[in-house]
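Q: Provided herewith is a single structure, encoded as structure tokens, for subsequent inquiry.
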Amino acid sequence: MQIIDGKKLAQQIRREIAKEVEELKASRDITPGLAVILVGDDPASHAYVKMKAKACKEAGIYSITHEMPESISQNEIEETILMMNKNPNIDGILVQLPLPTHIDATKILELIDPAKDVDGFHPYNFGRLMTGLDGFVPCTPLGVMEMLEAYGIDPKGKDACVVGASNIVGKPMAALLLNAFATVDICHIYTKDLAAHTKQADILVVGVGKAGLITEDMVKEGAVVIDIGINRLEDGSLTGDVDYEGVAPKCSHITPVPGGVGPMTIAMLLKNTLKAAKDRS
Ligand code: NAD
């Protein structure tokens, strides 16, 4: 069994990105720029945004955070996005989710210029992903694909199972695996017999948000198991959706939580921002 070290891989990718940013500055006088919109006081959202800003700084990417109060209106957020769309120094726009319930998040995300949609949440980019065209791919599933590649795991011809079918994790994950020629099963809360699906998988990717959902008896011998889930336990520690202790001995490869997919997500945000900057006309 091999542990997929997302932390180490992400550090390596971040160093490569920093080098490319340097080159872009030197060759075209372009400093990649990321604008983050952060609404409300959710501690987890603030922590994520802080980590993203730090990662940008280390990579030489300019970043600015627009902090807005919980009571902000839909109109004010929309105006900020329109302003960022026009700003030539901003290559990427990211709206930290979740947004307060009085805000129409779909409308907000659809307002982002698809060429600046570094989170890959715009339906235009999702459509491009589904049709196998180049565009922005959501950072978490993109990070999973980079992990598979780095560890020499080719999804082609494999049976893959994605548990969780959200627009930002499960669905794009399934599309990427399908584009890489895996046969993909997608499971969700209404799946009748989850284990019947997971047990078939050569590559099992889980992104649900339920600690201990995947147990040893649900995993095929020799499977690759990727755990996207992040759950905070009562003692404050983080854990994934997979019962790591039970499942790990059965796998060929497994990602830990923390130190697996999480660090890759941030590295992919930098990668997408660099891509947007390189595509500046
Ligand atoms: P979400 O709540 O939007 O979606 C959860 C999905 O899981 C849904 O499709 C739902 O149908 C499915 N589901 C719920 N209970 C289930 C069950 N018992 N069996 C099978 N499927 C079930 O969540 P999300 O935004 O997609 O995030 C999923 C998890 O991934 C969360 O733990 C989140 O914190 C984590 N996450 C991690 C990263 C990272 O960088 N590692 C990034 C994004 C999300």
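Q: Exactly one of (1) under 18 Å from the mean Cα position of the chain (by Cα); (2) within 18 Å of Arg15 (Cα to Cα); (3) crowded, with 19+ Cβ neighbours inside 10 Å is unmet by Thr255. Its number?
A: Among (1) under 18 Å from the mean Cα position of the chain (by Cα); (2) within 18 Å of Arg15 (Cα to Cα); (3) crowded, with 19+ Cβ neighbours inside 10 Å, the lone unmet condition for Thr255 is (2).
Q: What helices (runs of 4 or more DSSP H), lying completely within region 184-281, carry at least 1 residues that are among the hydroxyl-bearing types (Ser, Thr, Tyr) and near the ligand (Cβ under 10 Å from one of its atoms)?
A: 194-198, 261-278
Q: Out of Lys250, Lys192, which single residue is without any contact (Cβ under 8 Å) to a residue 24 or more places away in the chain, over 21 Å from Tyr48 (Cβ atoms) and not acidic (Asp, Glu)?
A: Being without any contact (Cβ under 8 Å) to a residue 24 or more places away in the chain, over 21 Å from Tyr48 (Cβ atoms) and not acidic (Asp, Glu) holds for just one of Lys250, Lys192, which is Lys192.
Q: I'd like to know if region 131-145 contains one or more residues that are acidic (Asp, Glu) and either in a helix (DSSP H, G or I) or at pLDDT below 95 (or both).
A: No, because not a single residue in region 131-145 is acidic (Asp, Glu) and either in a helix (DSSP H, G or I) or at pLDDT below 95 (or both).
Q: Can you find, within region 258-281, the residue that is most open to solvent (accessible area, probe 1.4 Å) among those that are β-branched (Val, Ile, Thr) and closer than 15 Å to Glu16 by Cα?
A: That would be Ile266.
Q: Which numbered condition in (1) within 15 Å of Val225 (Cβ to Cβ); (2) near the ligand (Cβ under 9 Å from one of its atoms); (3) of a type in the set (A, V, I, L, M, F, W, C) is the only one that Cys161 fails?
A: Going through the list (1) within 15 Å of Val225 (Cβ to Cβ); (2) near the ligand (Cβ under 9 Å from one of its atoms); (3) of a type in the set (A, V, I, L, M, F, W, C), Cys161 breaks only (2).
Q: Continuing with this model, one more query. Working carefully through the options Val49, Val21, find the one that is assigned to a helix (DSSP H, G or I), aliphatic (A, V, I, L, M), touching a residue at least 24 places away in the same chain (Cβ under 8 Å) and over 23 Å from Val144 (Cβ atoms).
A: Result: Val21 is the single residue among Val49, Val21 that is assigned to a helix (DSSP H, G or I), aliphatic (A, V, I, L, M), touching a residue at least 24 places away in the same chain (Cβ under 8 Å) and over 23 Å from Val144 (Cβ atoms).
The values are calculated or read from the model by the stated rules, or taken from the named source; none is laboratory data. It should be emphasised that the depicted structure is a prediction, and the values quoted were computed from it without experimental measurement. Quick reminder, even Gly has a Cβ in these numbers, built from the backbone with ideal geometry, and neighbours come from all protein chains shown. Surface areas here come from the heavy atoms of the whole protein model, side chains and all, with no ligands, DNA or RNA. Shrake-Rupley method; radii C 1.70, N 1.55, O 1.52, S 1.80 Å.
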